[in-house]
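The values are calculated or read from the model by the stated rules, or taken from the named source; none is laboratory data. Values in this document were obtained by computation on a predicted structure and should not be read as measured data. In this analysis, Cβ positions are derived from the backbone assuming ideal geometry, glycine residues included, and neighbour counts consider all displayed protein chains. Surface accessibility is based on the protein's heavy atoms, side chains included, excluding ligands, DNA and RNA. Shrake-Rupley method; radii C 1.70, N 1.55, O 1.52, S 1.80 Å.
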Amino acid sequence: MEFRVLGPVGVWNRGAEVPLDGAKQRTVLAALLLSGGRALPDSRLCELLWGEHPPATYPAQIYNYVSRLRKYLGPDVDIRRQWSGYVIHTGGGQLDLAEFERLSTRGREAQENHRYEEAADAFHAALALWRGPALMNVTEFLARAETHRLAELRMAVLERRVETDLLLGRYAHLVPELTRLVGEYPLHEKLRCQLMTALFRTERQADALAVYHEGRRVLSDELGVEPGPTLAATFRAILTAEPARTGPATVASSWHAVRPAMLPPAIGDFTGRAAELGALSEVLTGDHAATAQVTGMAGVGKTALALYAAHRERERFPDGQLYADLGGNRGNAVEPREVLGWFLRSLGNAEPAIPRGLDERVRLYRSHLAGRRMLVVLDDAADDAQVRPLLPGEAGCRVLVTSRVSLSDLPGAAVVEVGTLGTAEAVDLLATVVGKRRVAGEPAAARRIVRLCGWLSLGIRVAGSRLLARPHWSLAYFAERLADEQYRLDELRLGTLDVRARLDGSYLALASQSQLALRRLALLEVPDFASWATAAVLGVPRRTGEEVTENLVDARMLEVTGPDGGNRQRHRFHDLVRVFAREKADHVDRMAVAASALAR
């Protein structure tokens, strides 16, 4: 059986139409088909049949409509009473809307993978299923509830189909169709952009510009607004374009008119990291890995490195750069759906044109990036699941991701591990902030400051900024202030630059057992330790201790120093992490309990 809602509602069985009663009978059938296999309550059916003024006998009438439907459709179609409503099972019959969505999805996937002929065939087949406006012969109440949604689905596929035909160079074929569509939808800017592109590609530049001016007049008269950024950018592109180029690679697509530049400013005093920059440049300029993940502990300089590399290579990405702070380790991780909204607006989409669902936003985002060379920087990612929807489907694009955790499930990603600075690089960074002459005058104190900062970029930057703000302090005096562990993290705080706050973000992301282990292990007066020590301070089996230790390593709260002479690794604290963890122990743990753990 074939069930149709994309046009007049009807049922066809082996090529013959199944006779149905009038609009209300077809409304019940269409409403059940559109419910997606879920039970449709009587109350909702009542609204779709009679609106706000149902008859007193509406339960009996609904029962009669369903009974007649069962009779007309036969035993292969099961309309079952469920709770206080009805659900339909079509017994393998095909619903044209489901086929439309299947073909549309196939077309989108083919388009995103540059199989344009296949995409065009799928989109044409999907649109051929429409035999007029959807739900033509149902009640006004169902039509009001569903037709706008279905029309928007059709328009989205129509836009994609036209876009694909443009990529295939079918300009002359598209001009009459797009002229008709723009006449039907004069306020639809995307269709107007596509008509302008087709006209320009058939060497009708003057006609393309006239279409723009007509659209500007209509928008002003009807809505009192100027053309949106995409339409305006297409107009500028046609004004300045080289004449008479043809072929898919040179289509003046309206999607390609907006070039976002979202990168924050690079840090001007960036120092060192030659090896890490080389690895990132290889990803950004090479032919293979499309994604690089920059990982390391809090405050080590991941963001500074990624932004410096992005700015250094941005000329290789003429179609633009996208950036988002994902907030992954500050307890306020941003949902991928929200990030895609930021990106789609930056790519020229008006708010009403941005889909609500995550999957639809992903498809639109990847379609925008198709055929383009763009750089996407995703800062402070929480996990793989947050990043995957934000990856382009386009081989010409590159992605830089920073995260304190290792994102092991990103396909083909190159990993750039960022450690603390060497002493020479750390002193150079201090000198770029506080001044080379000042550092040269007290070289031993400078080396002591960077050591007390644990050679951590953020700590050194804060130390330099504090010294810069207090020119009357000597470096030796500030080093003495840092030497007191009880106040060291207080000294490494200046405005939003706060080492303690960065470490606290990593700490709060840990499970409670890992937090407890971190606090107790920090009390050990040893340079390093094996994972059995974690088991001992927690009072748990060795296997559990090993798992907790690995969790702390993954969170960059512990470092691996090397094997213990056998098959197990030894671990140590970064100096500032140890200070931080001891602070936490002082505030949270009872001394007797901590002493008992140390005794074990």
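Key figures for this structure:
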{"item": "Whichever lysines have a C-alpha closer than 29 Å to that of Lys436, once near sequence neighbours (fewer than 8 apart) are set aside", "result": "Lys302"}
{"item": "Sorted peptide list for 375-383, 204-212, criterion being average Cβ within 10 angstrom, highest first", "result": "375-383, 204-212"}
{"item": "Nearest-0.05 FRET efficiency for Glu315 and Ala424, computed from C-beta distance (R0 51 Å)", "result": "0.95"}
{"item": "Spread of Cα-to-Cα distances over 10 Å intervals beginning at zero, given as percent, for the range 1-152", "result": "11, 38, 32, 14, 5, 1"}
{"item": "Solvent exposure ordering (accessible area, 1.4 Å, most first) of Arg131, Arg363", "result": "Arg131, Arg363"}
{"item": "The range 155-162 - phi-based ³J(HN,Hα) in whole Hz, Karplus 6.51/-1.76/1.60, Gly and Pro as x", "result": "5, 4, 6, 4, 4, 5, 5, 5"}
{"item": "Dipole moment magnitude, nearest 20 debye, the range 417-547 about Cα centre, only Lys, Arg, Asp, Glu C-beta charged", "result": "380 debye"}
{"item": "Cut-off 19 Å, label 7 Å out along Cα→Cβ of Arg345, residues of the range 378-394 by amide N", "result": "378-379, 390"}
{"item": "Cα-based shape type of the range 305-403, given that a ≥ b ≥ c are square roots of the gyration tensor eigenvalues and the cut on a/c is 1.5", "result": "oblate"}
{"item": "Cα-projected label distance for Arg259 with Arg14, points at 7 Å along beta-carbon direction, nm", "result": "6.3 nm"}
{"item": "The range 445-600 - Rg over Rh from alpha carbon coordinates, Kirkwood radius", "result": "1.01"}
{"item": "Spin-label model distance (nm) - Ala151 vs Ala56, 7 Å beyond Cα toward Cβ", "result": "3.9 nm"}
{"item": "Spatially proximal lysines relative to Lys24 (Cα-Cα < 24 Å; intrachain offsets below 8 disregarded)", "result": "Lys71"}
{"item": "Whole-Hz ³J(HN,Hα) from phi, Karplus 6.51 cos²θ - 1.76 cosθ + 1.60, for the range 73-89, glycine and proline x", "result": "8, x, x, 6, 10, 10, 9, 10, 6, 9, 6, 10, x, 10, 9, 10, 10"}
{"item": "Angle in degrees between helix 336-346 and the longest Cα principal axis of the chain, rounded to the nearest 10", "result": "80 degrees"}
{"item": "For Thr402, residues with placed amide H under 5 Å, excluding near neighbours", "result": "Val294, Leu378, Asp379, Asp380, Ala381"}
{"item": "Calculated over the range 510-600: convex hull of Cα atoms, volume per residue (Å³)", "result": "90 Å³"}
{"item": "Chain lengthening between Met591 and Gln94 when straightened (0.36 nm per residue, less Cα-Cα)", "result": "171.8 nm"}
{"item": "Sequence of Trp473, Trp342 when ordered by accessible area, the most exposed leading, probe 1.4 angstrom", "result": "Trp342, Trp473"}
{"item": "Cβ-Cβ FRET estimate between Asp490 and Ala395, R0 fixed at 56 Å, reported to 0.05", "result": "0.70"}
{"item": "Computed helical MRE - 222 nm, the chain, DSSP H runs ≥ 4 contributing -39500 (n - 2.57), nearest 500", "result": "-17000 deg cm²/dmol"}
{"item": "Carbon and sulfur %, accessible surface of the chain computed with the full protein complex present, 1.4 Å", "result": "51 percent"}
{"item": "Value of Rg to Rh for the chain (Rh from inverse mean 1/r over Cα pairs, i.e. Kirkwood)", "result": "1.10"}
{"item": "Farthest positive-ward along the chain dipole, Cα basis, beta-carbon charges - from Ala98, Trp342, Leu48", "result": "Trp342"}
{"item": "Average silhouette area of the range 44-131, convex hull of alpha-carbon atoms, in square nanometres", "result": "8.4 nm²"}
{"item": "Residue-span extension gain [Arg38 to Trp473] - 0.36 nm each, minus C-alpha spacing", "result": "149.3 nm"}
{"item": "Accessible surface of Ile88 - all protein chains present, 1.4 Å probe, nearest 10 Å²", "result": "10 Å²"}
{"item": "Computed E for Ser465/Thr561 - FRET, C-beta separation, R0 30 angstrom, nearest 0.05", "result": "0.45"}
{"item": "DSSP bridge pairs, the chain: antiparallel proportion in percent, nearest 5", "result": "50 percent"}
{"item": "Alpha-carbon centroids, the range 70-98 and the range 440-503: separation in whole Å", "result": "73 Å"}
